[in-house]
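Here the structure is laid out as structure tokens; the discussion comes afterwards.
The values are calculated or read from the model by the stated rules, or taken from the named source; none is laboratory data. Model, not experiment: these values are computed from the prediction. Here the Cβ is made from the backbone with ideal geometry for all residues, glycine too, and neighbour counts use every protein chain on show. Only protein heavy atoms, including side chains, enter the accessible area calculation; ligands, DNA and RNA are left aside. Shrake-Rupley method; radii C 1.70, N 1.55, O 1.52, S 1.80 Å.
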Amino acid sequence: MKISKDYILNKANESCRGNLMETLSIKFIDVGEDFITAKMPVDKKIHQPDGVLHGGATVALAETVGSFAAHMYLDTEKYFVRGIDISAQHVKSVKSGFVFATAKCIHRGKTTQIFSINVVNENNEFISFCKLTTITLPK
């Protein structure tokens with residue numbers, strides 16, 4: 001049975017309530033066979049002191065998207081996912097608007113998974129590249 005796109009997006013957005021994702025106003029907006037995308041507004045609450053998007057907020061967005069992508073591949077009744085390594089290369093600043101992070105799985109092992117996460121702005125300009133490694137553990 002194939003799960004609908006709306007079901008996955010609703011489930012993802014429900015997981016953002018009452019935690020850091022809600023604080024950062026992260027919203028999942030698209031999902032496909034091999035990706036999931038979320039957006040985050042860039043405003044004063046996630047700026048560095050000099051008025052641009054804080055790299056830590058970008059990494060939080062990337063880990064959110066990558067971690068949820070990992071959940072899409074497993075039985076969450078039996079297993080849970082934890083991020084074990086994340087790296088980021090920031091190449092462009094953003095002062096306002098939205099950033100969009102898209103996670104794609106590049107390794108889907110039984111225990112570890114690796115995701116590439118591209119972050120772009122509203123003009124589809126490349127902002128950051130992140131790589132997330134997750135581990136799947138039995139509950």
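Find me the longest stretch of the chain that has none of the exposed GluC sites (Glu not before Pro), where exposed means in a DSSP loop (not H, G, I, E or B) with at most 16 other Cβ atoms within 10 Å.
Free of exposed loop sites, the longest segment is 78-121.
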As I understand it, the value is the acute angle between the Cα axis of helix 5-14 and the longest principal axis of the Cα atoms of the chain; what does it come to in degrees, rounded to 10?
70
Quote the accessible area belonging to T134 in square angstrom, nearest 10, computed with a 1.4 Å probe and with ligands, DNA and RNA left uncounted.
0
Compute the acute angle (0 to 90°) between the alpha-carbon long axis of helix 55-71 and the principal axis of greatest extent of the alpha-carbon atoms of the chain; round to the nearest 10°.
20
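Looking at segment 1-54, which trypsin sites (Lys or Arg not before Pro) are DSSP coil and have at most 15 other C-beta atoms within 10 Å of their C-beta? Walk me through the intermediate numbers first.
Working: sites: K2, K5, K11, R17, K27, K39, K44, K45; in loops: K2, R17.
For trypsin sites (Lys or Arg not before Pro) across segment 1-54 that sit outside H, G, I, E and B with at most 15 neighbouring Cβ atoms in 10 Å, the list reads K2, R17.
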Can you compute the modelled spin-label distance between L20 and T111, with each label point 7 Å from Cα toward Cβ, in nm?
2.5
So what is the relative contact order for segment 1-111, in percent, with contacts set as C-alpha pairs under 8 Å and at least six apart?
30
Those chymotrypsin sites (Phe, Trp or Tyr not before Pro) from segment 70-123 that are DSSP loop and have at most 15 other Cβ neighbours within 10 Å turn out to be Y73
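Please give the contour-minus-distance gain from R82 to T133: 0.36 nm per residue of separation, less the Cα-Cα distance, rounded to one decimal in nm.
On the way: separation 51, 0.36 × 51 = 18.36 nm, distance 0.87 nm.
My answer for the length gained is 17.5 nm.
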Quick one: accessible area per residue over the chain, 1.4 Å probe, rounded to a whole number of Å²?
58
Given a 1.4 Å probe and the protein chains all in place, what does the accessible area of S87 round to, in Å² to the nearest 10?
40
Backbone N under 18 Å from the K45 label point (7 Å along Cα→Cβ), restricted to segment 2-23
13-23
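Can you compute the helix-only [θ] at 222 nm over the chain? Use -39500 (n - 2.57) per DSSP H run of at least 4 residues, normalise by all residues, nearest 500 deg cm²/dmol.
On the way: 3 runs with 31 residues, N = 139.
Calculated at 222 nm, the ellipticity per residue is -6500 deg cm²/dmol.
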Using a 1.4 Å probe over the heavy atoms of the protein chains, calculate the carbon and sulfur portion of the accessible area of the chain as a whole percent.
51
